[in-house]
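Beneath this line is the structure, given in structure tokens, with notes to follow.
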Amino acid sequence: MAQIPNLDNSPLNFTALRERSQKELINILKNVRGKKCLVIDPKLGGSLSLLIQTSLLKENGTELRHLSADPVQTECSKVLYLVRSQLNLMKFISSHIQNDVSKGLQKEYFVYFVPRRTVVCEKIFEEEKVHHLITFGEYALYILPLDEDVLSCELDLAFRECLIDGDTSALWHVANAIHKLEFSFGVIPTVRAKGKGSAKIVDILNSLQVEEPVNAPDMGTPEINMLILIDREVDMVTPMCFQLTYEGLLDEILQVNNGVVEVDASIIGAQQEKNKIKVPLNSSDKLYKDIRDLHFEEVVQVLREKATSMQKDYADVKTTSQSVSELKDFVKKLNSLPEIARHVSLAQHLQTFTCKPSFHSRLDIEQTILELQNFDVCFEYIEEMIHKQEPIISVFRLLVLLSVTNNGLPKKNFDYLRREILHSYGFEHMPTLYNLEKAGLFKRQESKSNWLTISKALQLIASESEASKPDDISYIFSGYAPLSIRIVQHAIRSGWRSIEEILRYLPGPHVDLKRGGSTNTSPFDKVPSFQSNLDRLADGRRALVLVVFVGGVTFAEIAALRFLSSQDGMGYDFIIGTTKIVNGNTVLEALMTTTN
């Protein structure tokens with residue numbers, strides 16, 4: 001099955017978007033005539049695998065290499081680097097060129113920046129005295145489709161850069177990505193934003209519209225009816241909770257990267273020499289599309305039923321005389337057998353984790369923290385994790401969850417846990433603790449927590465009887481409705497008016513804006529309640545909402561948005577945009593590493 005996702009069922013023409021990016025890349029390769037070596041930044045390699053087949057890149061006499069500190073071994077006289085604007089990568093390229101020069105090799109060098117060249121990167125080449133040997137260019141890849149309803153800017157460090165490093169270039173990138181979408185699909189008439197970064201993006205978007213206007217009258221009716229921007233910082237509770245949908249669990253336990261999960265061949269019973277095998281996970285796999293957003297317990301049940309049904313059909317074929325059309329139906333079902341086998345194997349592997357008592361006690365403590373119950377019990381649980389030297393990332397996740405919901409920890413508890421972490425895991429974690437404090441994720445308590453007020457007003461915690469019924473987004477975490485998605489529900493229903501007071505308890509300003517010179521009111525503005533039929537637009541289309549998460553989105557949140565649009569009486573579809581798909585581990589790992 002192809003890794004490149006099938007986009008035929010996208011609410012917008014994502015295929016055209018992808019083809020344009022493919023064409024731009026192929027033109028860059030064609031412009032460097034003759035035999036060449038294409039050296040790709042490894043992080044970009046994953047993104048490009050979602051855009052273009054490797055065989056297409058290898059045409060036009062192109063050799064492929066991944067960029068590293070080691071010199072590029074190639075006979076080609078032309079070397080083309082395709083890289084993000086990161087300083088450490090510029091140092092690698094400079095050392096490659098210096099290495100060639102010292103050996104008397106004469107080559108032509110091309111450096112194409114993704115998505116744009118920066119002065120600070122070119123300065124490195126000047127300092128290393130290789131700038132004059134390089135031809136520079138840009139590959140304006142701002143956003144790419146991960147699936148038929150998900151777009152990503154693939155900015156791994158956006159959350160850290162904005163919150164810790166004070167680098168807001170990711171906001172400029174996101175604004176440009178949205179502006180480019182508007183050139184294809186029209187000016188989005190209603191924009192609602194929550195958070196400092198999101199508000200800044202709205203400002204940049206307005207400036208871009210002045211500098212490089214999308215001509216609204218020429219575009220006709222906009223295809224996207226509303227844009228909702230939300231900072232990850234606004235809801236740090238959701239990513240710290242362990243995801244319980246099938247796709248979320250796969251990401252938590254096996255890590256999904258660029259729509260692919262890499263597993264030991266033995267896990268899915270593959271007979272091959274390689275130890276690892278890449279399993280694509282996107283809408284092209286029909287079974288996966290049906291089950292990915294279900295709670296994992298339900299997925300196990302669905303797979304059991306499918307396997308049992310297949311067994312029964314096989315028994316029927318063996319014992320009864322079937323008509324040709326019945327045999328044809330059976331053969332058609334057999335085609336789905338590899339998909340069923342693959343997901344049964346993956347689910348079985350996940351169950352080895354979900355069956356452990358430690359997994360359930362972890363979920364119980366999460367729920368206790370979310371309900372703001374038994375602070376001492378939660379504190380002691382984390383203390384015990386530290387003493388047992390459980391993975392530090394697991395400790396940090398629960399620590400952040402406890403701190404965010406309690407608006408910090410009392411000074412005595414804060415100082416004690418900080419000291420215990422440094423004693424147990426080493427003083428090299430001092431910068432991480434500093435980063436967590438700077439981001440407001442693990443801090444001393446200075447004022448009363450507003451979490452219970454927010455939780456009650458937005459109905460974040462479901463009762464036990466409601467948690468087991470999949471008729472609300474709280475099914476995703478077995479009883480907790482993601483805060484970010486509740487905010488989105490209100491943004492669609494009546495803008496920020498209905499939750500103005502609650503929004504003040506959450507980080508950053510909120511913005512509500514009409515754009516594009518359209519005098520039409522948004523189809524959402526007069527909707528009285530969640531359950532009213534948001535109905536279709538005047539021309540009968542379902543309304544389309546682009547929800548952009550600045551700093552990352554989890555698979556659980558994506559599942560919640562898909563769930564909302566599938567409900568009866570909901571006359572709208574969602575497209576999810578993000579800087580990167582994240583989970584609690586990847587968010588915190590970005591704060592644990594040092595940037596270049």
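Can you pull out the residues in region 367-402 that are aromatic (Phe, Trp, Tyr) and under 20 Å from Ala590 (Cβ atoms)?
If the condition is that a residue be aromatic (Phe, Trp, Tyr) and under 20 Å from Ala590 (Cβ atoms), then Phe396 is the only one that fits.
Only one of these conditions is not met by Asn407: (1) closer than 23 Å to Leu591 by Cα; (2) surrounded by fewer than 16 Cβ atoms within 10 Å (Cβ to Cβ). Which number is it?
(2)
Mind telling me which of the residues Leu181, Leu163, Leu171 ends up being touching a Lys or Arg at 6+ places or on another chain (Cβ under 6 Å), assigned to a helix (DSSP H, G or I) and not β-branched (Val, Ile, Thr)?
On inspection, the qualifying residue turns out to be Leu171.
Name the residues in region 547-574 that are modelled with pLDDT under 90 and closer than 17 Å to Ala177 by Cα, would you?
Selection gives nothing.
Using the structure shown, decide if Gly186 is surrounded by fewer than 20 Cβ atoms within 10 Å (Cβ to Cβ) and farther than 28 Å from Ile499 by Cβ.
On the way: surrounded by fewer than 20 Cβ atoms within 10 Å (Cβ to Cβ): no; farther than 28 Å from Ile499 by Cβ: yes.
Spelling it out, it is not the case that Gly186 is surrounded by fewer than 20 Cβ atoms within 10 Å (Cβ to Cβ) and farther than 28 Å from Ile499 by Cβ.
If I filter region 207-253 down to residues being crowded, with 23+ Cβ neighbours inside 10 Å and among the hydroxyl-bearing types (Ser, Thr, Tyr), which single residue comes out as farthest from Trp451 (Cα to Cα)?
Tyr246
For region 124-142, how many residues meet the condition of being open to solvent by 30 Å² or more (accessible area, probe 1.4 Å) and in contact with a Ser or Thr (Cβ under 8 Å, 6 or more places away or on another chain)?
Result for region 124-142: 1.
Consider Lys107 carefully, then state whether it is more than 13 Å from Gly137 (Cα to Cα), open to solvent by less than 50 Å² (accessible area, probe 1.4 Å) and among the charged types (D, E, K, R).
yes
Take region 179-206 and flag every residue that is of a type in the set (Val, Ile, Thr) and closer than 13 Å to Ile224 by Cβ.
Val187, Ile188, Thr190, Val191
Would you say Thr308 is at pLDDT 65 or above, open to solvent by 70 Å² or more (accessible area, probe 1.4 Å) and of a type in the set (S, T, N, Q)?
The answer is yes for Thr308.
Would region 139-156 turn up any residue that is at pLDDT 95 or above and farther than 29 Å from Glu589 by Cα?
Scanning region 139-156 turns up no residue that is at pLDDT 95 or above and farther than 29 Å from Glu589 by Cα.
Name the strands (runs of 3 or more DSSP E) wholly within region 12-102 that hold at least 2 residues that are touching a Leu at 6+ places or on another chain (Cβ under 8 Å) and open to solvent by 10 Å² or more (accessible area, probe 1.4 Å)?
62-66
Limited to region 170-206, what total is found for residues that are within 23 Å of Val234 (Cβ to Cβ) and among the hydroxyl-bearing types (Ser, Thr, Tyr)?
Adding up the residues that qualify gives 2.
Which one of these is open to solvent by 10 Å² or more (accessible area, probe 1.4 Å), without any contact (Cβ under 8 Å) to a residue 24 or more places away in the chain and on the phi < 0 side of the Ramachandran plot: Asp165, Asp156, Asp203, Asp149?
Sole residue among the options that is open to solvent by 10 Å² or more (accessible area, probe 1.4 Å), without any contact (Cβ under 8 Å) to a residue 24 or more places away in the chain and on the phi < 0 side of the Ramachandran plot: Asp203.
Anything in region 378-391 that is out of contact with any helix residue (DSSP H, G or I) (no Cβ under 8 Å at 6 or more places or on another chain) and in a helix (DSSP H, G or I)? List them, or say none.
Hits for region 378-391 are Glu380, Glu384.
For region 334-358, which positions are modelled with pLDDT under 85 and open to solvent by 90 Å² or more (accessible area, probe 1.4 Å)?
Of everything in region 334-358, just one residue is modelled with pLDDT under 85 and open to solvent by 90 Å² or more (accessible area, probe 1.4 Å), namely Asn335.
Condition first: in a helix (DSSP H, G or I) and small (Gly, Ala, Ser). Now tell me which residues in region 392-424 satisfy that.
Residues of region 392-424 that are in a helix (DSSP H, G or I), as a first pass: 392-405, 411-424.
Scanning region 392-424 gives Ser394, Ser403, Ser424.
Given the structure, is Phe242 at pLDDT 95 or above and among the hydrophobic types (A, V, I, L, M, F, W, C)?
Considered against the rule, which asks whether it is at pLDDT 95 or above and among the hydrophobic types (A, V, I, L, M, F, W, C), Phe242 comes out as yes.
The values are calculated or read from the model by the stated rules, or taken from the named source; none is laboratory data. From a predicted model like this one, the values you see are computed outputs, not experimental measurements. Backbone-built Cβ (ideal geometry, glycine too); neighbour counts: all protein chains shown. We work out accessible area using only protein heavy atoms, side chains counted, and drop any ligands, DNA or RNA first. Shrake-Rupley method; radii C 1.70, N 1.55, O 1.52, S 1.80 Å.
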